[in-house]
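Okay, structure first, notes after.
Read the figures in this text as sums done on the coordinates, not as results from a lab. A quick note: this is a predicted structure, and the numbers were derived from the prediction, not measured. Note that we place each Cβ from the backbone using ideal geometry, even for glycine, and neighbour counts take in every protein chain shown.
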Protein chains: 6
Amino acid sequence: GEIFDKEIYQDNSIPGVVTGLAWTSVGGEILFVEASLSKGKGKLTLSGQLGDVMKESAMTALSYLKTKSDKLGIDYRVFDHYDLHIHVPAGAVPKDGPSAGITMLTAMASAFTQRKVKAKLAMTGEITLRGKVMPVGGIKEKILAAKRAGIKEIILCKNNQRDIEEIDTEYIKGLNFHFVDKVEEVLALALLKTKVDEPMQFTFPKEHGKEA
Amino acid sequence: GEIFDKEIYQDNSIPGVVTGLAWTSVGGEILFVEASLSKGKGKLTLSGQLGDVMKESAMTALSYLKTKSDKLGIDYRVFDHYDLHIHVPAGAVPKDGPSAGITMLTAMASAFTQRKVKAKLAMTGEITLRGKVMPVGGIKEKILAAKRAGIKEIILCKNNQRDIEEIDTEYIKGLNFHFVDKVEEVLALALLKTKVDEPMQFTFPKEHGKEA
Amino acid sequence: GEIFDKEIYQDNSIPGVVTGLAWTSVGGEILFVEASLSKGKGKLTLSGQLGDVMKESAMTALSYLKTKSDKLGIDYRVFDHYDLHIHVPAGAVPKDGPSAGITMLTAMASAFTQRKVKAKLAMTGEITLRGKVMPVGGIKEKILAAKRAGIKEIILCKNNQRDIEEIDTEYIKGLNFHFVDKVEEVLALALLKTKVDEPMQFTFPKEHGKEA
Amino acid sequence: GEIFDKEIYQDNSIPGVVTGLAWTSVGGEILFVEASLSKGKGKLTLSGQLGDVMKESAMTALSYLKTKSDKLGIDYRVFDHYDLHIHVPAGAVPKDGPSAGITMLTAMASAFTQRKVKAKLAMTGEITLRGKVMPVGGIKEKILAAKRAGIKEIILCKNNQRDIEEIDTEYIKGLNFHFVDKVEEVLALALLKTKVDEPMQFTFPKEHGKEA
Amino acid sequence: GEIFDKEIYQDNSIPGVVTGLAWTSVGGEILFVEASLSKGKGKLTLSGQLGDVMKESAMTALSYLKTKSDKLGIDYRVFDHYDLHIHVPAGAVPKDGPSAGITMLTAMASAFTQRKVKAKLAMTGEITLRGKVMPVGGIKEKILAAKRAGIKEIILCKNNQRDIEEIDTEYIKGLNFHFVDKVEEVLALALLKTKVDEPMQFTFPKEHGKEA
Amino acid sequence: GEIFDKEIYQDNSIPGVVTGLAWTSVGGEILFVEASLSKGKGKLTLSGQLGDVMKESAMTALSYLKTKSDKLGIDYRVFDHYDLHIHVPAGAVPKDGPSAGITMLTAMASAFTQRKVKAKLAMTGEITLRGKVMPVGGIKEKILAAKRAGIKEIILCKNNQRDIEEIDTEYIKGLNFHFVDKVEEVLALALLKTKVDEPMQFTFPKEHGKEA
Ligand SMILES: [Ca+2]
Ligand SMILES: [Ca+2]
Ligand SMILES: [Ca+2]
Ligand SMILES: [Ca+2]
Ligand SMILES: [Ca+2]
Ligand SMILES: [Ca+2]
Ligand SMILES: [Ca+2]
Ligand SMILES: [Ca+2]
Ligand SMILES: [Ca+2]
Ligand SMILES: [Ca+2]
Ligand SMILES: [Ca+2]
Ligand SMILES: [Ca+2]
């Protein structure tokens, strides 16, 4: 009956890795969204047997980051001169749905900024293109899985607060919840100001044209 | 039985977001069409589990705007040097049909002009490539959903006026209707003269060739 | 039972819009083929839920116009530096078959030349790549629909003349028929010498190479 | 039961049009392969509801002509700077099989050389990439259809000679047969030395590089 | 029950044509793999209704030749400035499986080097990317077909030697077998040192960059 | 019942060839992952009837190597100016699943560095994008197949150590196991410091731009 292995939280030393929460027919699980960059031409690669909805979430997250690059302190040339790969282990397990939206967006933002992700943090929530965070299902099962995996802080949509209030308090003891409306709040909570050790140094070809 | 969450109207501070009206087997709903631009090469990305007909509506809307860019005061270079993403939440809900045509077109026009969308306005109607607005179905249910969501003004095709006349007046009290024939009328009604706060500043690479 | 709305003829003020005749299980209908141009790189976009055969008709029409551009007075650079979009409303109604061939070709020719289309004219007929016009089916139903919609002149293939001769004369009173063999005849009949009001002004990048 | 109209032979004034022979469940038919060129980048477009095998025949014919361009007196730049469209009416009739190989190859060769195709000539035969002509089926039915359509000369593979010998001589009176092994023989028989009236004048961009 | 015609061996005057052995439900057959080059950009075209496995064999053969171009005396620029087409007649007969691997590789090598293929030679065997030859099935039927077609020499994988030893010697009288492990052995046996008559003269655009 | 031939370990003289372990319905097998490079533009070709999950593993392996190229001593220009082909014989046997992840990654790394692969070594394990090695199934059957094939050393994920402990020691006598967590450990174990004989000499076009 096991679909994902029983994962436990791992350290936050690597940029672009963010802990999400999945809900399967046999209960909640944590999963890791992995984002990595390599020199290229702006190609987006998605792997981990992601379904259509989840692929669209990734595309939406990337568009959001591009539109907001100035505010987020991302050098726009990274989008043009690096390829982005998003992988969600385990590689053979089909995954779908919009609830990894904020997790994928945060993983991408960490990769593009090389900022560290807060330790022992997990999150689940749909994103929209204008940066709204929307509620998702399976909250109780996801929360139990997060606690079991050693998570201490959880980011959810404000509209999921009612789901938390229905859980017996003993089950959520020691968990710190953040209820948010907007993607900006997610990034402010999840990304530390400090960069990871040995951050990637982006280099760009010399531009030939000038802006008019 | 719920397909879309029961959405309520939201503010008009963000460019490229326009309220549409959907008709499902369980009644009417409002939906938000989100359009955003990021530096690129003129690519169109569509997400939100849109069906073939709805994707073609988006392509038709974009072609219309390109053909009419001069009249609409859009610098044509934006089409070549920015990518356009259209997303329609909720991300996991399949959507199809031509009735979001004017909504998608207005969202795109707001993104390309950075003009504010009129507050508390919703719309539904098919577009054609030459800028005609065509009638759509499910009017009664859509109107009730709009009122429930706090909408005050609604744009419809002239050929849908008969559908409004068949609704009990008490249900539509407080709603202001605009019946239109042409896309120009939709844009004149929906787009304010003022730009959004902090409008996006478009930049372009220096052109090398000259026009002959 | 209605598939297309009961359309009526509309004015000929817009370039690239030509009235065709469709035949469905519930009778004849008129339809509008819309062709529009926008600055681009020669891409062809087709929308309106067109089937394979109809898409191939559009491709054949475009190839014919390219091959004959000199005779038709079309600056070849338009094919390389503008995108062409063909849309056939209603957007949600699947359409197929070769009988819109001459209609699509005429719509494209009007868009490329900005010449006005003759008023109150409709047409139906298959095209081949060498410019032959071929007969199509459903003539009686199409003619009745054309008359109902206010059409005064109709272009058909010579091989469809027998179909007209079998219709009671009272049904076709007031209709003027043109039976043709070749695409050149269609264009000579359908395109006026005068350009539309405010014709599109084509501009081209300066060419760098010379012809050898 | 009719699949193709009962076509009759037409004149040979247009380059790129060659008469082929088809075999359907209801008998033989003639068909016209139409090849046309327009300025472009070497794209091949195929239309007429052609199946996979027939599309591969077209690709094989084109590769053969490219490899043999020197011997055939074709300026190689035509392959790079013109697009080739092959259409086989009627547009709505699905067609497949390898037997139009020599017909498509001859149509292309006529288009690329602008040489006239011999009058009242039809042909049927598979080609291979090295220029071999291979036998095809349905010979008797095809021959009867050719005669009915006014054809006077027919090109067939040598291995189809036995099929002709089994037909009553009265049915083939007045028909002149050419049995061939190689594509070169087909072209020698089918293409006249004279060019069509008003042949297309190919123009090419000035080349920048030199050959080493 | 006939699938391939009963082919007989043909001459070796044309570069890029190599005789393979196929195994069908009705016995063995010989087949011809045809490889041809034409000026282009390194595109690979495959025709003859080849299945996935056979297409992958062709891709593997091409990669092998590219990697080993220095040893094989192939000017690498041919891969970049010529297109390669592989066709396997008969065009309408679906073919699949890995056993044409060495045949396709030898045909390509002959085309790229313009070296003559040894007369009256046939071969069957799978290739791997590192140049290993692997055994294939249907050996007895293939050998009988080869003999019937006039073949005198046959190349097989060493692991297929046991299959030959099980055939009655009278059936294989007059056949000369070569059992090989590696692709290099195949090419050494199959390609003559002499070039074909009138070999193709490769020309290349002048290179602009230098190698660093 | 045989799916793969009963392969035996082969020498390590060729770069880019690594021994993996497969698990089929009829037992374990060894397989060879072959990676080869040829001058090109950074294209990835996969062959050997690989399923979706296995293709994604290859893409993940390649992204990992690109991101870590500095640490691994790979000149990044190889990714841009060479094409990579991965083939897994036997060509007709469908293969899928994530367990060849570390094998494909090691084969690629050997090709890109031209370093020799350790002799008589086999491996099985899933990779993630951040370089984690994950456990896989069928360990007992795979180990028996490895021993039968002459393998002496085996790399597995640490989480597969329990599977080894459950195997009777007599079956694994003479096998040396390495249990790892990270891709770095795999590469450190599998790639020798020495290059293969006659390593490929990478050449690159002269760069025109400078890095800013
Ligand atoms: Ca797991
Ligand atoms: Ca789906
Ligand atoms: Ca909602
Ligand atoms: Ca559809
Ligand atoms: Ca209508
Ligand atoms: Ca179809
Ligand atoms: Ca016909
Ligand atoms: Ca097929
Ligand atoms: Ca044959
Ligand atoms: Ca297959
Ligand atoms: Ca094997
Ligand atoms: Ca799959």
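Helix content alone sets the calculated 222 nm mean residue ellipticity of the protein assembly as shown: runs of n ≥ 4 DSSP H residues at -39500 (n - 2.57) each, divided across all residues, give -8500 deg cm²/dmol.
Ignoring aspartates and glutamates fewer than eight residues from C:Lys147 along the same chain, the ones with Cα atoms less than 17 angstrom from its Cα are C:Asp5, C:Glu7, C:Asp11, C:Glu29, C:Asp163, C:Glu165, C:Glu166, C:Asp168, C:Glu170. Using alpha carbons only, the radius of gyration of region B:1-70 set against its Kirkwood radius gives Rg/Rh = 1.00. Which residue fluctuates most in the GNM of chain D (Cα springs below 10 Å): D:Ile154, D:Ile74, D:Ile86? Taking springs between Cα atoms under 10 Å, the residue moving most is D:Ile74.
Go through B:179-186, E:170-177, D:198-205, D:120-127 and give me the packing order, highest mean Cβ count within 10 Å leading.
D:120-127, B:179-186, D:198-205, E:170-177
Here the spin labels are modelled as points 7 Å beyond Cα on the Cα-Cβ line, and at D:Asp96 and A:Tyr76 they lie 5.0 nm apart. Between identical copies, the spacing of A:Leu44 label points, each set 7 Å from Cα toward the C-beta atom, reads 1.7, 1.7, 3.0, 3.0, 3.4 nm from nearest to farthest. What you get for the protein assembly as shown, charging only the Cβ of Lys and Arg (+1) and of Asp and Glu (-1), is a dipole of about 3600 debye around the Cα centre. Per the Debye calculation on region E:13-113 with a single equal scatterer at every Cα and no solvent contribution, log₁₀ I(q)/I(0) for q = 0.16, 0.18, 0.25 Å⁻¹ amounts to -0.63, -0.79, -1.44. Distance between the 7 Å Cα→Cβ label points at C:Ser25 and A:Glu198: 6.7 nm.
A simple charge model with +1 on the Cβ of Lys and Arg, -1 on the Cβ of Asp and Glu and nothing else charged puts the dipole of chain B at about 620 debye relative to its Cα centre.
Measuring how big region B:147-210 is from its alpha-carbon positions, Rg and Dmax come out at 19.0, 62 Å.
Mind checking A:39-50 for the average number of partner chain beta-carbons within 10 Å of each residue's beta-carbon?
Rounded to a whole number, the mean comes out at 4.
With the label put 7 angstrom out from Cα along the Cα-to-Cβ vector, E:Ala119 ends up 4.7, 4.7, 8.1, 8.2, 9.4 nm from the copy partners, going from closest to farthest. Note on region D:17-193: the C-alpha convex hull projects to 9.4 nm² when averaged across all orientations. Counting only other chain Cβ atoms within 10 Å of each residue's Cβ, the peptide B:31-37 averages 4. With contacts taken as Cα pairs under 8 Å at a separation of at least 6 residues, region A:17-188 carries a relative contact order of 26 percent. Computed on the Cα trace of the protein assembly as shown, the radius of gyration divided by the Kirkwood hydrodynamic radius gives Rg/Rh = 0.98. For E:Glu184, the point set 7 Å out from Cα toward Cβ sits 3.9, 3.9, 6.7, 6.7, 7.7 nm from its twins in the other copies, listed from shortest up.
Between amide H atoms placed 1.01 Å from N, distances below 5 Å from C:Ile30 occur with C:Glu7, C:Ala22, all of them 5 or more places distant or on a separate chain.
Is there a pair in A:Lys39/A:Lys132; C:Lys41/E:Lys39; F:Lys66/F:Lys132; B:Lys195/C:Lys39; A:Lys118/A:Lys195 whose C-alpha atoms are over 20 Å apart, and which pairs would that be? The answer is A:Lys39/A:Lys132; C:Lys41/E:Lys39; B:Lys195/C:Lys39. Our coupling estimate for region E:158-169, obtained by passing each phi through the Karplus curve with A = 6.51, B = -1.76, C = 1.60 and θ = phi - 60°, is 3, 5, 9, 4, 4, 5, 5, 5, 8, 8, 3, 4 Hz, Gly and Pro reported as x.
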